[in-house]
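Structure first, then comments.
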Amino acid sequence: MSYTNFKIETDADGIAVITWDMPEKSLNVIDMSVMDELSQIVDQVAGDEAIKGAIITSGKSGFSGGADLTMLEGLLKEYHVKKGSDPEGAAKIVFEGSRKLSLVYRKLETCGKPFVATLTGVCMGGGTELALACHARIAADDDSFKMGLPEVKVGLFPGAGGTQRVMRMADGQQGMQFLLQGKTLRTKQAKSMGLVDDVVPAKKLMEAAKKLLKDGLDPVKAWDKKGYKLPNGKIYSPQGFQFWPAANAIYRRETHDNYPGARYLLHAVVEGLQLPMDLALQVESRYFAKVLQTPEAANMIRSLFISMQELNKLARRPLDQRPNKIKKLGVLGAGFMGAGIANVSAQAGLSVVLIDRDQEAADKGKAHADSILSKSVQRGHMSEDQKAKVLERITPTTDYDQLAECDLVIEAVFEDREVKRQVTQKAEAAMKSRAVYASNTSTLPISSLAEASERPKNFIGIHFFSPVEKMMLVEVIMGKKTSDRALAVALDYIKTIKKTPIVVNDSRGFYTSRVVMTYIREGLMMLADGVPAAMIENAGKMAGMPVGPLSLGDEVALDLAWKIVSATRKDLGVKYVEGPLDNILEELVVKRERFGRKNGKGFYDYKGKDKSLWPGITDVTGQPKPAESFNIEELKQRLLVMQALETARIFEEKCLTDVREADVGSILGFGFAPYTGGTLSYIDMMGTAEFVELCKKFTRKWGPRFKPNKLLRDMAKNNESFYGKFAPENNSATSQAA
Ligand code: NAD
């Protein structure tokens with residue numbers, strides 16, 4: 001038989017080698033055609049007497065990127081169409097559609113012939129679940145090997161047997177962590193967890209797999225035999241009583257019960273482990289179908305899979321611009337940000353000229369890259385040789401003439417207009433005329449910085465987040481005169497360093513910094529309202545933010561917040577309305593020199609990595625009211641509504657122009673409650689009319705900063721949503737997977 005996605009060759013020993021190699025794709029993914037063909041292949045292997053066993057291998061550098069989630073999106077569309085007229089039928093469509101893969105894998109597992117998977121490179125999601133359904137797995141001993149079940153990160157959980165097989169193969173605690181955190185395993189970890197059976201050099205994979213089969217690999221899994229005992233004991237046993245209550249507590253601590261995907265994952269595991277495999281898989285499928293129908297899963301799939309993929313493929317790149325190959329990059333300022341930018345760019349293969357005021361400062365920037373890369377070597381993610389090659393690409397210097405060959409120069413000097421003006425002029429004097437100049441400023445409007453430039457068309461904002469190595473978002477800012485070519489160069493560069501770009505129009509604080517400041521401000525306003533500090537911080541985390549607003553204030557720096565407040569007061573003059581915020585910041589920053597984490601004291605006291613709330617907060621704010629006088633749900637809403645409302649205002653001002661960028665930017669840039677799908681999805685999920693009503697209620701109760709803007713009021717009146725009214729034009733990203 002011949003297949004589109006697979007090739008089968010049976011050798012003289014009766015071993016069928018099944019090579020998965022999808023045409024016109026760089027990575028194997030699971031789509032409908034793969035599912036159908038796999039099912040036929042299992043029938044073929046099981047039914048052919050001449051075949052003794054089979055090996056599933058990949059014809060690409062990696063095994064598989066997992067399931068194509070656009071498939072699930074299609075299923076959900078069908079569900080929503082049918083839901084109104086036939087809710088039961090609609091739920092059945094989701095259940096049956098979403099368990100097809102699980103049934104194919106179970107057929108493979110119980111077909112009576114042994115299957116071995118040879119694993120190289122990336123092995124994710126449904127690809128990992130296929131490997132787990134096989135009777136043995138051999139991984140290549142290679143730095144590029146990565147195995148994971150990242151479904152929780154897009155609001156789902158592994159629904160093709162992953163939850164059941166992992167928990168029957170691995171240590172309970174490690175297994176739960178692997179599933180709940182969507183962690184990626186390297187070769188050694190996968191082996192020590194028992195998820196792969198052997199690790200051999202890539203060249204020897206086939207030989208080792210064939211040997212396993214010739215040695216008589218058992219085609220019946222332990223859990224399909226009589227007398228099977230779970231490795232971590234039964235759920236209702238003394239061993240289970242030690243483990244499961246703690247697992248539940250950890251789940252609550254980590255998720256605050258915001259993620260239906262994680263919640264039902266735990267259900268599927270606990271209930272499934274009490275059942276024989278076929279029933280356990282059915283239970284898993286039922287919970288999977290339930291999760292799929294939640295708005296959280298739909299929003300997370302849309303933002304964190306579909307939209308992110310579209311932005312990574314440069315959905316916002318001007319169509320008429322030719323591709324640019326950026327080979328050489330200049331970085332001005334080798335401080336905290338500049339050093340990080342130089343490092344990630346050199347890792348992506350660019351030559352980097354790293355300039356600072358003196359050689360010592362420039363060398364320090366390169367040393368930063370060295371120390372980060374050394375950690376990667378220690379963790380086995382990179383070889384000494386690779387590290388040396390990256391470092392070789394970074395040239396620390398004070399000599400601006402070395403910028404002559406650079407295609408792009410990114411400035412990351414002090415946040416000071418005059419310093420920025422000077423370096424812009426010095427750099428432009430050395431740069432070729434077509435090269436693009438970008439500023440990494442966090443707050444200063446790009447158009448005003450471009451006044452220092454001879455070539456404002458080539459001047460753009462490329463705003464990184466700290467730490468540069470970890471943060472995946474880059475905010476590109478268009479100045480008034482920035483050309484489409486400069487935008488194309490910026491986007492091509494961001495693609496080269498494998499980060500996700502959003503493109504915004506110029507304004508003070510752009511998108512992300514502006515919204516982040518409202519979150520911090522709302523925390524301060526709560527303090528002024530008498531909410532206990534610990535309650536404010538918990539409300540932030542329970543709402544799904546990575547840290548509480550006071551913590552974030554400390555990270556960003558309170559003296560900076562004070563500077564912004566003072567500048568606004570100066571700008572507005574008599575129109576400025578003094579509020580409790582001014583008083584709190586003045587007391588902390590001016591009178592007590594509490595600047596935040598950077599000087600070890602802010603709302604928290606810092607000792608090394610430890611921190612605790614500063615007991616003197618009450619000296620500044622007065623005694624808080626009793627916690628019982630506040631409704632925690634309302635506090636959580638205040639924090640999220642304020643950020644979503646500010647986003648809607650920024651959207652109305654056309655600083656943001658694409659709903660995908662608002663959502664993806666909010667999650668990747670400042671960790672806005674990912675389960676909502678982002679700031680605008682949060683409004684859509686609640687319904688615009690309800691959101692506007694909530695804003696009005698908060699305006700009456702907490703002040704005019706909650707007043708809904710005209711765009712929101714009009715949308716509420718017309719019963720419109722952001723994704724309905726501003727549906728993105730390019731919404732056709734195809735597979736790549738999770
Ligand atoms: P930093 O103080 O760590 O580094 C600034 C570097 O610029 C220093 O090494 C300094 O010696 C160098 N420098 C100053 N004047 C110079 C000159 N005339 N010529 C060459 N080099 C000069 O600051 P940072 O935190 O890296 O911030 C740099 C820029 O990035 C600022 O505009 C800041 O607003 C922005 N930014 C910072 C963050 C953050 O979290 N730190 C995040 C995003 C953007």
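The values are calculated or read from the model by the stated rules, or taken from the named source; none is laboratory data. Keep in mind that this is a model prediction, so the values were computed, not measured. Glycine also receives a Cβ, built like all others from the backbone with ideal geometry; neighbour counts cover every protein chain displayed. Only protein heavy atoms, including side chains, enter the accessible area calculation; ligands, DNA and RNA are left aside. Shrake-Rupley method; radii C 1.70, N 1.55, O 1.52, S 1.80 Å.
Here are a few things to note about the model shown:
- Of the listed requirements (1) more than 15 Å from the ligand (Cβ to nearest atom); (2) assigned to a helix (DSSP H, G or I), G349 misses just one: (2).
- For region 548-569, a residue qualifies if it is open to solvent by 70 Å² or more (accessible area, probe 1.4 Å) and of a type in the set (D, E), and exactly one does: E555.
- Some residue of region 189-201 being buried (at least 23 other Cβ atoms within 10 Å of the Cβ), more than 21 Å from A16 (Cβ to Cβ) and without any contact (Cβ under 8 Å) to a residue 60 or more places away in the chain: yes
- Looking only at region 342-362, and only at residues there that are buried (at least 16 other Cβ atoms within 10 Å of the Cβ) and without any contact (Cβ under 8 Å) to a residue 40 or more places away in the chain, the one that is nearest to K499 (Cα to Cα): A362
- Any hit, region 375-385, residues being of a type in the set (A, V, I, L, M), surrounded by 17 or more Cβ atoms within 10 Å (Cβ to Cβ) and within 11 Å of the ligand (Cβ to nearest atom): no
- So A367, is it among the hydrophobic types (A, V, I, L, M, F, W, C), open to solvent by less than 10 Å² (accessible area, probe 1.4 Å) and within 16 Å of the ligand (Cβ to nearest atom): no
- When residues of region 570-589 are limited to those that are farther than 18 Å from I520 by Cβ and open to solvent by less than 80 Å² (accessible area, probe 1.4 Å), the one nearest to the chain's Cα centre (by Cα): Y576
- Filter result for E661 (in contact with a Leu (Cβ under 8 Å, 6 or more places away or on another chain) and within 16 Å of I306 (Cα to Cα)): yes
- Strands (runs of 3 or more DSSP E) contained in region 418-506 and holding at least 2 residues within 11 Å of the ligand (Cβ to nearest atom), of a type outside the set (A, V, I, L, M, F, W, C) and open to solvent by less than 40 Å² (accessible area, probe 1.4 Å): 459-464
- Among the residues of region 406-417, the one identified as part of a loop (DSSP other than H, G, I, E, B), of a type in the set (A, V, I, L, M, F, W, C) and more than 13 Å from the ligand (Cβ to nearest atom) is C406.
- Residue match in region 536-547 (condition: out of contact with any His (no Cβ under 9 Å at 6 or more places or on another chain), modelled with pLDDT under 95 and either in a loop (DSSP other than H, G, I, E, B) or under 27 Å from I460 (Cα atoms) (or both)): no
- Region 325-341: number of residues that are within 12 Å of the ligand (Cβ to nearest atom) and either surrounded by fewer than 24 Cβ atoms within 10 Å (Cβ to Cβ) or closer than 20 Å to L491 by Cβ (or both): 7
- Condition met for V152 (of a type in the set (V, I, T) and buried (at least 24 other Cβ atoms within 10 Å of the Cβ)): no
- Considering region 673-722, the residues that are on the phi > 0 side of the Ramachandran plot and open to solvent by 10 Å² or more (accessible area, probe 1.4 Å) include one that is farthest from the chain's Cα centre (by Cα), namely G703.
- The lone exception for L319 - which of (1) within 16 Å of the ligand (Cβ to nearest atom); (2) under 29 Å from the mean Cα position of the chain (by Cα); (3) assigned to a loop (DSSP other than H, G, I, E, B) it fails: (1)
- Matching residues in region 386-405 - criterion: being farther than 17 Å from S453 by Cβ, within 15 Å of the ligand (Cβ to nearest atom) and open to solvent by 30 Å² or more (accessible area, probe 1.4 Å): T395, T398, D399, D401, Q402
- Listed by first and then second residue, the pairs linking a residue in region 37-50 that is open to solvent by less than 60 Å² (accessible area, probe 1.4 Å) to a residue that is polar (S, T, N, Q) and assigned to a loop (DSSP other than H, G, I, E, B), with Cβ atoms under 8 Å apart and 6 or more places separating them unless they lie on different chains, are E37/T4; E37/N5.
- A528 meets the conditions (1) assigned to a helix (DSSP H, G or I); (2) surrounded by fewer than 18 Cβ atoms within 10 Å (Cβ to Cβ); (3) out of contact with any Ser or Thr (no Cβ under 7 Å at 6 or more places or on another chain) in every case but one. The failed one is (3).
- Helices (runs of 4 or more DSSP H) lying entirely in region 204-296 (those with 3 or more residues that are closer than 14 Å to G172 by Cβ, assigned by TED's automatic domain parsing to the domain that holds L72 and of a type in the set (A, V, I, L, M)): 238-255, 260-272
- When region 590-623 is filtered for residues that are open to solvent by less than 60 Å² (accessible area, probe 1.4 Å) and among the hydrophobic types (A, V, I, L, M, F, W, C), the ones remaining, listed by number, are F595, F603, L613, W614, I617, V620.
- Going through (1) open to solvent by 30 Å² or more (accessible area, probe 1.4 Å); (2) touching a Leu at 6+ places or on another chain (Cβ under 8 Å) one by one, K83 falls short only on (2).
- Cβ-Cβ under 8 Å pairs, at least 6 apart or on other chains, region 308-329 side among the small types (G, A, S), far side open to solvent by 40 Å² or more (accessible area, probe 1.4 Å): A315/N730
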